[in-house]
1. If residue 69 meets every condition in (1) of a type in the set (A, V, I, L, M, F, W, C); (2) without any contact (Cβ under 8 Å) to a residue 40 or more places away in the chain; (3) surrounded by 12 or more Cβ atoms within 10 Å (Cβ to Cβ) apart from one, which number is that one?
2. Please list, ordered by first then second residue, the pairs with beta carbon atoms under 6 Å, 6 or more apart or interchain, first in segment 1-16 and in contact (Cβ under 8 Å) with a residue 40 or more places away in the chain, second among the small types (Gly, Ala, Ser).
3. If you scan segment 54-65, which residues turn out to be over 14 Å from residue 15 (Cβ atoms) and outside any loop (DSSP other than H, G, I, E, B)?
4. Could you count how many residues in segment 66-102 are of a type in the set (S, T, N, Q), in contact with a Phe, Trp or Tyr (Cβ under 9 Å, 6 or more places away or on another chain) and closer than 27 Å to residue 11 by Cβ?
5. Kindly check whether there is at least one residue in segment 105-121 that is touching a residue at least 24 places away in the same chain (Cβ under 8 Å), surrounded by 12 or more Cβ atoms within 10 Å (Cβ to Cβ) and within 22 Å of residue 6 (Cβ to Cβ).
Amino acid sequence: MIRRIKPSDASKIEDIFTRIPNFSEEDVKVGMELVNIAANNNIQNDYNVYVYEDNDKVLGFHCTGKRPLTDGVYDLYWIAVDPDVQSKGVGNKLLVHAENFVKENNGRWILAETSSKESYEKTRDFYFRHNYKVIVEINDFYSVGANLLIFGKLF
């Protein structure tokens, strides 16, 4: 089941974040800022966090929000799956949910940022499998040799 975040989910999401090898301490900190905003302020709509739950266990989540100053562009800020269940379809279901969220809110683009580093190859392949295209690449963005890749999908 995919549902909106509850305050009690934040610690479960943090656990997922910390067990994903690609995420640094700084990544976890930034990601948790958005998760905590969504978990503790159900009035805001900048960060829409949805969790994938099975048998009362949070197995993954996505955080999606409308890009400021646009009339239909959404960012997929985060999508993450518990390493114990990766490659079992959870990420696919979360991505479809995020895309449907965007469409239901009159979005026309969904954007997802990732790194060109070798350790992100599975992430890039995930987006390619779901018909995303690299629409922007900024060389040496994160660090020398680590480019920013912005994947996009137009509806």
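We did not get these values from a lab; they are worked out from the coordinates using the rules stated. On a predicted model such as this, the values are computed, not experimentally measured, just so you know. Please note: Cβ atoms are built from the backbone with ideal geometry, for glycine as well, and neighbour counts cover all protein chains shown.
1. (3)
2. 5/38; 5/39; 16/80
3. Within segment 54-65, 54, 62, 63, 64, 65 qualify.
4. 1
5. yes
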